[in-house]
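First up is the structure itself, then whatever we jot down about it.
The values are calculated or read from the model by the stated rules, or taken from the named source; none is laboratory data. Please read these numbers as outputs of a predicted model, since none were measured by experiment. Here the Cβ positions follow ideal geometry from the backbone for every residue, glycine too, while neighbour counts run over all protein chains shown.
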Amino acid sequence: MKPAAFTYHRAHDLTDAVGLLTDLAAAGEDPKLIAGGQSLMPMMTFRLARPSALVDLGPLRRVPAMTAIADDPEVLALGALVTHHAVETAALSPGFAVLSDAMRWVGHLPIRSRGTVAGSLVHGDATAEWCLLALLLDAVVVAEGPAGRREIPADELFHGFYATAVDPDEVVVEVRFTRPAPHAALSEFARRHGDFAIVDAAVALELDGDAVTGGRVVLGGVAPAPVRVAEAEAVLAGAGDPGDALFAAVADAAATAIDPPDDPPVTAAYRRRLTRTLVADACRRAVPQTVGGAR
Amino acid sequence: MNDPHLLTLHVNGEEHEVVVEPRRTLADVLRHDLRLTGTHVGCEHGVCGACTVLLDDAPTRACLVFAVQAEGADVRTVESLGGEHGALSDLQQAFSDHHGLQCGFCTPGFLMLAEGVLAEQPDASREDIREALSANLCRCTGYQTIVDAVCATAQARREATA
Ligand SMILES: Cc1cc2nc3c(=O)[nH]c(=O)nc-3n(C[C@H](O)[C@H](O)[C@H](O)COP(=O)(O)OP(=O)(O)OC[C@H]3O[C@@H](n4cnc5c(N)ncnc54)[C@H](O)[C@@H]3O)c2cc1C
Ligand code: FES
Ligand code: FES
């Protein structure tokens, strides 16, 4: 349970971080960035990851933009080193409050006080709350590499099985959430509180007065990457009263549409049942308290 | 030694100079290099919380931080809690009074977790405290007594500042 040996390099600014990645790779090393280390270190102690060099983004916490939370009612911009706990305790505008609410599902306080938004997205676990929320709120990942900056939309980010569109020589500098969702919620099931979910569901409802006019449904744990479920969203677009009948139909559509993995401890049938329960639960939680009779 | 680094670590208000390999975790440096063996190591992958210390006041898994990453940060371990001649802190005394420990293996981690939580949320409710303490594992007590000890300390500290 000890990580294999590596050389350690501190990045003092962004140019330094990109430069170190490029130079180390050119020298035949296999460098990796470390931010909070809350995913990378467990991977290294299990020797599932054996980078020959680590480039530490820690000193960049001194760069204000890297830990900034810029909350505009239409776009929320988070610096790459913003921690889960910083989001949990931030007073965000209503369109992004779902992010703060969802943080209680991410591990435990000691994990949340070090783990970062960008680290979570680049790690790309198919059940990570940030990955679901990125699809729910149209996140854009801003990455800087040797060729300059580029923006990666969330729907192009996840390639499945922990692979993402962020290249090994790129540093994520900011994550922007571009689609406010004032009526949104996340729900999940894990065997122990704080573990990665077996299945998690995130829902955003569009409401016109008291009627549902559309929405998004995102699932984790049912495919190699988090997915939006068009079939379930179609039911929401068909409109209706926000109540158990509509939400059961949405949940059924989601459970039918997916083709979840089937492994001995967690069967596909079980993941489908969880999906049905969790989608309905997330829908109910997404309804604002002011809408009568929904709860 | 691979890529040795000379580090200055701030631990419990003192400066320590150590030469370590970058792969050495903060937990191992505290225990083996600084001989501060109060910080315990259980799972070494972030799940059990036995290694919890305060890093710049935030409860942190010392097994999930490389010591090289802790340079410049203020580290507090369980050794910082007690007074002279083995005197217990209020929180430690509450653990004793409420039977919040049996074998004691998990205790340093719970103490540092609770210190961090109470510093950030002095008004934490019993429910908040239960939620926060769920971060760490204890194989002996069944947790209720640990929750009791932390709630009692929170209450006493609130009364003392009221
Ligand atoms: C016990 C435990 C329970 C957990 N439970 C959950 C959970 O329920 N839900 C959940 O979502 N997560 C959970 N986590 C993981 C946690 O959320 C991590 O913090 C997060 O996944 C990674 O963020 P990090 O900053 O720690 O990244 P690191 O571990 O430092 O890095 C992760 C990956 O991202 C890359 N990376 C990091 N920052 C950047 C950047 N700026 N640009 C480019 N690449 C970058 C690294 O190279 C590495 O490949 C848990 C972790 C533990 C130990
Ligand atoms: S030893 Fe660090 S969490 Fe278990
Ligand atoms: S007292 Fe024995 S593990 Fe907690």
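Can you tell which of B:Arg31, B:Arg23 is basic (Lys, Arg) and either within 16 Å of ligand 3 (Cβ to nearest atom) or in contact (Cβ under 8 Å) with a residue 24 or more places away in the chain (or both)?
Numbers: B:Arg31 fails: either within 16 Å of ligand 3 (Cβ to nearest atom) or in contact (Cβ under 8 Å) with a residue 24 or more places away in the chain (or both).
Within the list B:Arg31, B:Arg23, the selection yields B:Arg23.
Scan the range A:197-253 residue by residue and report those that are surrounded by fewer than 15 Cβ atoms within 10 Å (Cβ to Cβ) and part of a strand (DSSP E or B).
Result: A:Asp208, A:Ala211, A:Thr213.
Tell me, yes or no, whether the range A:225-243 has at least one residue that is within 29 Å of B:Gly46 (Cα to Cα) and touching an Asp or Glu at 6+ places or on another chain (Cβ under 6 Å). Please lay out each step first, then the result.
Step one: filter the range A:225-243 for residues within 29 Å of B:Gly46 (Cα to Cα), giving A:225-227.
Then keep just the ones that are touching an Asp or Glu at 6+ places or on another chain (Cβ under 6 Å); that gives none.
For the range A:225-243, residues within 29 Å of B:Gly46 (Cα to Cα) and touching an Asp or Glu at 6+ places or on another chain (Cβ under 6 Å): absent.
Being among the β-branched types (Val, Ile, Thr), more than 30 Å from A:Glu206 (Cβ to Cβ) and in the same structural domain as A:Val141 (by TED's automatic domain parsing) narrows it down to one of A:Thr83, A:Thr89, so name that one. Full working, then the answer.
Working: A:Thr89 fails: more than 30 Å from A:Glu206 (Cβ to Cβ).
Among A:Thr83, A:Thr89, only A:Thr83 is among the β-branched types (Val, Ile, Thr), more than 30 Å from A:Glu206 (Cβ to Cβ) and in the same structural domain as A:Val141 (by TED's automatic domain parsing).
Does A:Pro110 count as out of contact with any His (no Cβ under 7 Å at 6 or more places or on another chain), farther than 14 Å from A:Ser39 by Cα and either of a type outside the set (Lys, Arg) or buried (at least 24 other Cβ atoms within 10 Å of the Cβ) (or both)?
No, not satisfied.
Which members of the range B:110-153 meet the condition of being among the charged types (D, E, K, R) and crowded, with 23+ Cβ neighbours inside 10 Å?
Of everything in the range B:110-153, just one residue is among the charged types (D, E, K, R) and crowded, with 23+ Cβ neighbours inside 10 Å, namely B:Glu115.
When you go through A:Met43, A:Met1, A:Met66 one by one, which is the residue that is within 14 Å of another protein chain (Cβ to nearest Cβ) and at pLDDT 95 or above?
Going through A:Met43, A:Met1, A:Met66 in turn, just one is within 14 Å of another protein chain (Cβ to nearest Cβ) and at pLDDT 95 or above: A:Met43.
Kindly indicate the residue of the range A:21-40 that is surrounded by fewer than 23 Cβ atoms within 10 Å (Cβ to Cβ) and part of a helix (DSSP H, G or I) and also nearest to the other protein chains (Cβ to nearest Cβ) among those meeting that condition.
The selected residue is A:Leu40.
Please go through the range B:106-138 and give me each residue that is more than 14 Å from chain A (Cβ to nearest Cβ) and either part of a helix (DSSP H, G or I) or within 11 Å of ligand 3 (Cβ to nearest atom) (or both), ordered by number.
Those that are more than 14 Å from chain A (Cβ to nearest Cβ) and either part of a helix (DSSP H, G or I) or within 11 Å of ligand 3 (Cβ to nearest atom) (or both): B:Thr107, B:Arg126.
Scanning the range B:77-99 for residues that are within 13 Å of the chain's Cα centre (by Cα) and more than 16 Å from ligand 2 (Cβ to nearest atom), which turns out farthest from the other protein chains (Cβ to nearest Cβ)?
Residues of the range B:77-99 within 13 Å of the chain's Cα centre (by Cα): B:77-82, B:91-92.
So of that shortlist, the ones also more than 16 Å from ligand 2 (Cβ to nearest atom) come out as B:79-82, B:91-92.
Values: B:Glu79: 19, B:Ser80: 17, B:Leu81: 17, B:Gly82: 22, B:Leu91: 17, B:Gln92: 20 Å.
Looking at residues that are within 13 Å of the chain's Cα centre (by Cα) and more than 16 Å from ligand 2 (Cβ to nearest atom), I get B:Gly82.
In the range A:177-200, what residues are within 14 Å of ligand 1 (Cβ to nearest atom) and more than 14 Å from chain B (Cβ to nearest Cβ)?
Residues of the range A:177-200 that are within 14 Å of ligand 1 (Cβ to nearest atom), as a first pass: A:186-200.
Scanning the range A:177-200 gives A:Leu186, A:Ser187, A:Glu188, A:Phe189, A:Ala197, A:Ile198, A:Val199, A:Asp200.
Being over 19 Å from A:Glu144 (Cα atoms), out of contact with any helix residue (DSSP H, G or I) (no Cβ under 7 Å at 6 or more places or on another chain) and without any contact (Cβ under 8 Å) to a residue 40 or more places away in the chain is the filter here, so list the residues in the range A:43-68 that pass it.
Correct list: A:Met43, A:Leu48.
Please state which of the following conditions A:Val18 fails to meet, knowing it meets all the rest: (1) more than 23 Å from the chain's Cα centre (by Cα); (2) within 12 Å of chain B (Cβ to nearest Cβ); (3) modelled with pLDDT of 95 or more.
(2)
If you check A:Val87 against the conditions, is it part of a helix (DSSP H, G or I), within 12 Å of ligand 1 (Cβ to nearest atom), more than 14 Å from chain B (Cβ to nearest Cβ) and touching a helix residue (DSSP H, G or I) at 6+ places or on another chain (Cβ under 8 Å)?
yes
Please name all residue pairs, on different chains or six or more residues apart, with Cβ atoms under 7 Å, provided the first residue is in the range B:36-48 and is within 12 Å of ligand 3 (Cβ to nearest atom) and the second residue is of a type in the set (S, T, N, Q).
Once the first residue is within 12 Å of ligand 3 (Cβ to nearest atom) and sits in the range B:36-48, its partners that are of a type in the set (S, T, N, Q) give B:Cys48/B:Asn136.
Any residue that is part of a strand (DSSP E or B) and within 11 Å of another protein chain (Cβ to nearest Cβ) - is there at least one of those in the range B:11-31?
yes
So which residues in the range B:53-67 are at the interface with chain A (Cβ under 7 Å from one of its Cβ atoms) and either near ligand 2 (Cβ under 7 Å from one of its atoms) or of a type in the set (D, E, K, R) (or both), if there are any at all?
The answer is B:Arg61, B:Leu64.
Might you let me know whether the range A:5-16 holds any residue that is closer than 22 Å to A:Ala163 by Cβ and not hydrophobic (A, V, I, L, M, F, W, C)? Even if it seems obvious, please write down each step before you answer.
Step one: list which residues in the range A:5-16 are closer than 22 Å to A:Ala163 by Cβ, which gives A:6.
Going one step further and asking which of them are not hydrophobic (A, V, I, L, M, F, W, C), we end up with none.
No, the range A:5-16 contains no residue that is closer than 22 Å to A:Ala163 by Cβ and not hydrophobic (A, V, I, L, M, F, W, C).
Determine which member of the set A:Leu92, A:Leu99 is more than 11 Å from chain B (Cβ to nearest Cβ), part of a helix (DSSP H, G or I) and in contact with a Leu (Cβ under 8 Å, 6 or more places away or on another chain).
One residue alone meets the criteria, A:Leu99.
Provide a single number: the residues in the range A:108-161 that are assigned to a loop (DSSP other than H, G, I, E, B) and either within 14 Å of another protein chain (Cβ to nearest Cβ) or on the phi < 0 side of the Ramachandran plot (or both).
12
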